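Take a look at the structure below.
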Amino acid sequence: MPHHRSRPPSRRLPEADYPLQDLTGQIIEAFFHVHHTFGYGFLESVYRKTLAVELQRRGISIEQLVRYELVYYGVSVGTYEADLVVERSVIVETKTGLVLDPVAQPQVLNYLRASQLEVGLVLHFGPRPVVKRVVRSRYCSQLGTAPLSDETSLPVAEPSGGRELATRPDS
């Protein structure tokens with residue numbers, strides 16, 4: 001089994017601003033390991049599958065291609081598919097290309113709103129590895145709105161049972 005460098009001791013950031021730090025730190029370490037091993041230039045699906053293997057190898061549970069049904073007032077209006085959901089807590093979107101598309105972070109924010117998860121990571125397997133953290137409550141407070149509560153009358157997405165291919169909202 002290969003030896004992994006452990007993270008140097010660092011100061012802990014405020015949990016309110018950086019929720020799930022330990023888990024996201026482990027995901028980011030796995031991302032850098034995969035990027036270092038494979039480099040740049042493969043398809044997004046290769047990096048997603050390789051990252052899934054690396055996370056599972058480290059004892060972290062993952063689900064791939066998790067579909068969420070978007071429901072508006074009781075009517076299904078579409079689905080989206082998260083690349084990875086880690087420990088049922090963090091949405092991970094893998095991206096490839098020369099530069100990271102600026103729409104990636106707002107896209108993950110929408111995924112977080114739909115899934116009711118709090119934290120997402122955009123992992124860009126480009127010429128230089130890039131990590132973007134998205135925290136739903138941080139964006140909601142910046143917009144002057146609160147996250148949807150259990151008493152909100154607007155329906156939200158629910159994970160769907162099937163694993164069929166779903167079209168992404170941006171396609």
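A short reminder: the numbers here are calculations on the coordinates, not readings from a lab. In this text the structure is predicted, and so the values were computed from the model without any measurement. Positions of Cβ are backbone-derived with ideal geometry, glycine not excepted, and every protein chain shown enters the neighbour counts.
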Compute the distance from the alpha-carbon center of region 87-133 to that of region 15-68, in whole Å.
11
For region 47-110, which chymotrypsin sites (Phe, Trp or Tyr not before Pro) are in a loop by DSSP, counting at most 14 other Cβ atoms within 10 Å?
Tyr73
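What order, most packed first, do the peptides 98-104, 49-55 have when packing is the mean number of other Cβ atoms within 10 Å of each residue?
49-55, 98-104
Place the peptides 116-122, 56-62, 89-95 in order of packing, highest mean first, counting for every residue the other Cβ atoms within 10 Å and averaging per peptide.
Values: 116-122: 20.3, 56-62: 13.3, 89-95: 21.9.
Going from most to least packed, we get 89-95, 116-122, 56-62.
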quick shape note, region 23-132: Cα extents on principal axes in Å, largest first -> 46, 31, 20
For region 37-44, Karplus couplings with θ = phi - 60° (6.51, -1.76, 1.60), whole Hz, Gly/Pro x:
6, 9, x, 10, x, 8, 5, 3
